[in-house]
Amino acid sequence: MKNRSLVAIEEYSKEKILYMLEMAKEFEKRPNRKLLDSKIVATLFFEPSTRTRLSFETAANRLGAKVIGFTDPKVTSSSKGETLKDTILMVSNYADVIVMRHYLEGAARYASEIAPVPIVNAGDGANQHPSQTMLDLYSIYKTQGTLENLNIYMVGDLKYGRTVHSLLMAMRHFNPTFHFIAPDELKMPDEYKLFCQKHNIKYFEHREFNENVIADADILYMTRVQRERFTDLMEYERVKNVYILHNDMLCKTKDNLRILHPLPRVNEISYDVDDNPKAYFIQQAQNGLYAREAIICDVLGITLDDVRNDK
Amino acid sequence: MTENKTELQVAAIENGTVIDHIPSDKLFKVVSLLGIEKMDNNVTIGFNLESKKLGKKGIIKIAGKFFEEEEINRISLVAPNAHINVIRNYEIVEKKTISIPDKMVGIVKCNNPKCITNNEPMTTIFTLTDREKGILKCHYCEKEQNKNNIEVL
Ligand SMILES: [Zn+2]
C-alpha cells in the first residue's frame with residue numbers, strides 16, 4: 001500500500017493542495033462527523049507544543065476518533081534511551097495514524113519510512129510543519145477567494161521563520177508576488193530567492209515597514225523578530241520596534257487585505273489592530289482545525305467524496 | 001600497456017582491479033567503504049608508498065574483482081582522484097574515473113547535530129543536489145552541505 005503520510009508540504013502538488021482546501025471547506029461547514037468512529041489517533045509530542053496538539057486532538061475528536069498519546073517526553077521511555085523506531089513501532093500496534101512532533105529534524109520522515117501506519121508531521125525541529133502551511137493556505141484561500149495572483153507581504157524574521165519558507169514554496173503554483181520586509185540580519189535567505197527566480201516568481205525586498213510599503217498587499221504575514229536571533233545586539237535595539245504593526249499603518253491598505261500570523265504573537269502586532277476587520281490571526285488558528293481534519297482523513301484514505309457523501 | 005613502475009612497488013596481478021593514487025590517510029577508509037576486508041579475493045595493499053603527486057599514497061590490488069560503477073563510486077568523497085585500473089592478463093585494459101553518485105546510502109555523516117540520523121541507530125541517505133558545487137542534501141533533515149566539510153562514516 002502506498003504510504004499516505006504527510007511529512008513535508010512539498011509532497012503536495014497544486015491539485016492536491018486545492019483538493020485538500022476543498023476538503024477543509026467541507027469540515028468548516030460541518031466540523032462534527034463520525035468518519036473516524038472506530039479509529040484511534042495517536043498524538044506523540046516528543047516536544048511540547050500545546051497549541052498544535054490541541055488543534056490536532058480537537059480535529060480527531062470532532063471526527064469521532066479516540067485519541068491516545070503523550071505530550072511530555074520525560075514520562076515516556078524515550079528519555080530512558082528507547083529509540084524512536086521502537087516507540088513508533090510500539091504505538092503502531094495500537095493506533096491507526098500517528099501525529100508526531102519531534103525536536104529532531106527528519107524524525108517524521110524516518111518514522112514514515114518504518115511505521116506501518118501513516119504519519120502526520122506536526123513539526124520536526126526547524127524543518128517541516130506542513131499542517132501550519134495548510135492552514136495558512138486555507139486562510140488565504142478563504143479570505144481572498146483564490147490563491148492565484150496575490151500580493152503577499154512577509155514581515156519580520158524571514159531568515160529563521162520556517163512558516164514563511166514553507167508558505168513561499170507552497171505558493172509557487174499560484175503566481176504570487178512576494179514582498180519581503182525584514183532587517184538585514186533576518187533577510188530572506190538566498191536559497192529562497194533563487195527558488196523564486198527558478199519558478200519565475202516576482203519578489204521585492206524592503207527594509208522599511210510603513211503604510212506606503214504595504215499599501216498594495218492582499219496578505220500581510222507577520223512574524224516575530226526575536227532578540228536571540230541577532231548576532232549584533234545593537235542592530236536588534238535599532239530594529240526591534242520597526243517591524244511592529246500598528247493600526248494606523250493600515251490606513252492606505254486595500255479592503256481585502258488580511259493580516260496573518262502563525263501565533264503566538266508577543267508584541268509584533270499591537271493590540272489596537274485586533275478590532276480592525278483586517279486582523280485575521282485568531283480565525284486563522286481556527287482554520288487549523290479544518291485543515292487538520294482534512295489531513296487526518298486524507299492519510300487514512302478518506303476522500304473528498306467520502307466527506308461530501310457523509311450525511 | 002603494462003603496469004608502471006610505481007605500481008610495481010607491490011606485486012602485479014593477472015586479472016582484477018588496481019586502485020592507485022589513494023591518499024595514504026584515506027587508504028583504510030577506502031578499504032572499508034569497498035568492503036574489502038570481507039572479500040575472499042587475493043588482496044595486496046600498499047601503504048605509505050612514495051608518490052610524486054601525493055607524497056605518500058596508498059594502493060590496493062584486488063585479484064579477480066571487477067567493480068560496478070556504483071560500487072567504486074562509494075569512494076568518490078574520500079579519494080576523488082584515485083585511479084581505477086582494470087587489469088586483464090597483466091595489462092591495463094580500462095581506466096575508470098570516479099564520480100560522486102546521485103544517491104549515497106550509509107556513506108556520509110550529516111553535519112546537523114539536530115538531525116535524526118545523528119541521534120538514532122539508522123542509515124543516512126544523501127542526494128547530490130549540485131554536482132558542480134558538490135552540494136549534498138540530507139534526505140532526513142533536508143540540510144544541504146558541501147562535500148568539502150562532510151564526514152564520511
Ligand atoms: Zn541530516
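The values are calculated or read from the model by the stated rules, or taken from the named source; none is laboratory data. The shown structure was predicted, so the numbers you read here are calculated from the model rather than taken from an experiment. When we count neighbours, we look across all protein chains shown, and the Cβ atoms used for this are built from the backbone with ideal geometry, even at glycine. Keep in mind that these areas ignore ligands, DNA and RNA; they rest on the heavy atoms of the full protein, side chains included. Shrake-Rupley method; radii C 1.70, N 1.55, O 1.52, S 1.80 Å.
Below are the figures for this structure:
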| read-out | value |
| --- | --- |
| Peptide A:101-114 - average C-beta neighbours from other chains (10 Å radius) | 6 |
| Packing rank of B:127-140, A:136-149, A:193-206, where each peptide gets the mean count of other beta carbons within 10 Å, highest leading | A:136-149, B:127-140, A:193-206 |
| Cα-Cα over 20 Å, subset of A:25/A:311; B:53/B:133; A:16/A:311; A:14/A:254 | B:53/B:133; A:16/A:311; A:14/A:254 |
| Residue (of A:116, B:153, A:294) at the positive-pole extreme of the protein assembly as shown, dipole from beta-carbon charges | A:116 |
| Using a Förster distance of 45 Å, the FRET efficiency for residue A:172-residue B:25 (Cβ separation, nearest 0.05) | 0.50 |
| Inter-part distance where the stretch A:126-168 and the stretch A:210-252 are each reduced to a Cα centre, Å | 17 |
| Cut-off 13 Å, label 7 Å out along Cα→Cβ of residue B:63, residues of the stretch B:73-108 by amide N | B:89-90 |
| Accessible heavy-atom area order of B:123, A:163, A:58, highest first, probe of 1.4 Å | B:123, A:58, A:163 |
| For B:136-145, mean number of other protein chain Cβ atoms within 10 Å | 4 |
| Value in Å of the Kirkwood radius, where the stretch A:130-285 supplies the Cα pairs that are averaged | 15.5 |
| Residue A:224 long-range amide H proximity, modeled H, under 5 Å | A:157 |
| Counted charge near residue A:175, where neighbours are those whose Cβ lies closer than 14 Å (Asp, Glu -1; Lys, Arg +1) | +1 |
| All aspartates and glutamates inside 17 Å of residue B:147 as judged from Cα atoms, apart from same-chain residues fewer than 8 positions distant | B:102, B:130, B:132 |
| Karplus 3J(HN,Hα) series, Hz, for the stretch A:131-147 with 6.51 cos²θ - 1.76 cosθ + 1.60 (x for Gly, Pro) | 5, 5, 5, 5, 6, 5, 5, 5, 5, 5, 4, 5, 7, 9, x, 7, 9 |
| Mean-position separation - Cα centroids, the stretch B:124-153 and the stretch A:253-292, in angstrom | 38 |
| Listed residue (B:13, A:214, B:135) projecting farthest to the positive dipole end of the protein assembly as shown, Cβ model | B:13 |
| For peptides B:65-72, A:230-237, sequence by mean Cβ density within 10 Å, most packed first | B:65-72, A:230-237 |
| DSSP-defined antiparallel bridges as percent of all bridges, the protein assembly as shown, nearest 5 | 50 |
| Å² of accessible area per residue within chain A, as computed with a 1.4 Å probe and no ligands counted | 43 |
| Shielding of B:118-128 by partner chains, average beta-carbon count, 10 Å | 3 |
| Positive-end residue, the stretch B:44-124 charge dipole about Cα centroid, Cβ charges, pick of B:49, B:118, B:84 | B:49 |
| Straight-distance crosslink candidates among lysines, where the alpha carbon sits under 24 Å from residue A:85 and sequence neighbours closer than 8 are dropped | A:2, A:39, A:66, A:74, B:103, B:109, B:114, B:137, B:143 |
| 10 Å-binned pair-distance histogram of chain A (Cα, whole percent) | 6, 27, 33, 23, 10, 1 |
| Inter-part distance where the stretch B:55-96 and the stretch A:4-47 are each reduced to a Cα centre, Å | 52 |
| Cβ charges +1 (Lys, Arg) and -1 (Asp, Glu), total dipole of the stretch A:130-285, debye | 420 |
| Paramagnetic reach from residue A:237 in the stretch A:150-175 [backbone N under 19 Å; point 7 Å along Cα→Cβ] | none |
| Charge dipole magnitude, Cβ of K and R +1, D and E -1 - the protein assembly as shown, Cα centre, debye nearest 20 | 340 |
| Summed residue charge, Cβ within 10 Å of residue B:43's Cβ, Lys/Arg positive, Asp/Glu negative | 0 |
| Structure-based [θ]222 nm, chain A - -39500 (n - 2.57) summed over DSSP H runs of at least 4, per residue, nearest 500 | -11000 deg cm²/dmol |
| From the C-alpha gyration tensor of the stretch B:46-153, square roots of 5λ in Å | 30, 15, 13 |
| Proximal lysines to residue B:38, defined as alpha-carbon separation beneath 16 angstrom and excluding residues fewer than eight positions away on the same chain | B:29, B:61, B:65 |
| Among A:252-259, B:33-40, the order from most to least packed when residues are scored by Cβ within 10 Å on average | A:252-259, B:33-40 |
| Cut-off under 5 Å, modelled amide H: who pairs with residue A:177 long-range | A:150, A:151, A:152 |
| Charge tally in the Cβ shell below 11 Å around residue B:139, where Lys, Arg are +1 and Asp, Glu are -1, residue B:139 excluded | +2 |
| Nearest-0.05 FRET efficiency for residue B:132 and residue A:90, computed from C-beta distance (R0 51 Å) | 0.70 |
| Gain in span if fully extended, residue A:282 to residue A:38, counting 0.36 nm per residue against the direct Cα distance | 84.7 nm |
| Model label zone, residue B:54; criterion: amide N under 13 Å from point 7 Å along Cα-to-beta-carbon; scope the stretch B:77-109 | B:77-85 |
| FRET efficiency for residue A:255 and residue A:22, using Cβ-Cβ distance with R0 set to 30 Å, rounded to 0.05 | 0.70 |
